[in-house]
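Enquirer: Can you read through this structure? Questions will come right after.
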Amino acid sequence: MPSLFHLAYHVTDLDAARRFYGDILGCTEGRSTETWVDFDFFGHQISLHLGEPFKTTRTGKVGDHMVMMPHLGLVLPLDEWKAVADRLDSAGIEFDIPPVIRFEGEPGEQRTMFFFDPSGNPIEIKGFADFDSVFAK
């Protein structure tokens, strides 16, 4: 079994988080209490706890973009990435960086998109046609 990451962070509203992560992103809900909820985040475990979300700033220079730091990131196969982009668009989610090709024709060519969860937590999802190029130099 490959290693899985676990990330726990704050959200301000568990019901809104359930709608976003469950209904829009399609993540399966796991255990929960009145103060937190777990999700299967594309094969990884996230735990969303009630509280004040972490402070973010637009300080990450990647290509032509200044991205929010820190942020939760995920790498998907390109066809799954396109399906998630379509679900987000259909749900009316506003993109911070709309779906775009980054590093086109270079090692590590990828699709990327940035958006926020209902609590303002920044999320990036990358799509790769070839996972062998994820760590390409």
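FYI, it's all coordinate maths here, none of it is from the lab. Everything quoted here is computed from the prediction, not taken from an experiment. Here the Cβ positions follow ideal geometry from the backbone for every residue, glycine too, while neighbour counts run over all protein chains shown.
Enquirer: Which of the three applies to segment 6-50, rounded, prolate or oblate, going by the alpha-carbon gyration tensor with a ≥ b ≥ c and a/c under 1.5 meaning rounded? If you can, show how the numbers build up before the last one.
Expert: Details: a/c = 1.66, a/b = 1.17, b/c = 1.42.
Cα axes put segment 6-50 in the oblate bin.
Enquirer: Could you tell me whether segment 57-133 comes out rounded, prolate or oblate from its Cα gyration tensor? Rule is a ≥ b ≥ c as square roots of the eigenvalues, rounded for a/c under 1.5, then prolate if a/b exceeds b/c, otherwise oblate. It would help to have the intermediate numbers written out before the result.
Expert: Details: a/c = 1.94, a/b = 1.18, b/c = 1.64.
Oblate is the answer for segment 57-133, as a/c is 1.5 or above yet b/c matches or exceeds a/b.
Enquirer: Under 1.5 on a/c is rounded, so check that first for the chain, then, if it is not, pick prolate when a/b is larger than b/c and oblate when it is not; a ≥ b ≥ c are the square roots of the alpha carbon gyration tensor eigenvalues. Display every interim value, and only then the final one.
Expert: Values: a/c = 1.74, a/b = 1.52, b/c = 1.14.
Prolate is the answer for the chain, as a/c is 1.5 or above and a/b outweighs b/c.
Enquirer: In segment 2-137, how many lysine pairs have Cα atoms under 22 Å apart, counting only pairs 8 or more places apart or on different chains? Intermediate results must be reported in sequence, preceding the final value.
Expert: On the way: Lys61/Lys126; Lys61/Lys137; Lys82/Lys126; Lys126/Lys137.
The number of close lysine pairs in segment 2-137 is 4.
Enquirer: By how many nm would the segment from Arg102 to Asp40 grow when fully extended, if each residue of separation counts as 0.36 nm and the alpha-carbon distance is taken off?
Expert: Details: separation 62, 0.36 × 62 = 22.32 nm, distance 2.71 nm.
Working it through step by step, the gained length comes to 19.6 nm.
Enquirer: Okay, helix-only estimate at 222 nm for the chain: each DSSP H run of n ≥ 4 adds -39500 (n - 2.57), divide by all residues, round to 500 deg cm²/dmol; what do you get? It would help to have the intermediate numbers written out before the result.
Expert: Details: 2 runs with 17 residues, N = 137.
Calculated mean residue ellipticity at 222 nm is -3500 deg cm²/dmol.
Enquirer: I want to make sure I understand the PRE zone here: with the label point 7 angstrom from the Cα of Ala8 toward its beta carbon, which residues in segment 35-79 have backbone N atoms less than 16 Å away?
Expert: Only 35-40, 45-54 pass the distance filter.
Enquirer: Hey, another quick one. For the chain, set up a Gaussian network in which alpha carbons nearer than 10 Å are linked by springs, and say which option among Pro53, Pro107, Pro77 fluctuates the most.
Expert: Among Pro53, Pro107, Pro77, the largest mean-square fluctuation in the Gaussian network model of the chain belongs to Pro107.
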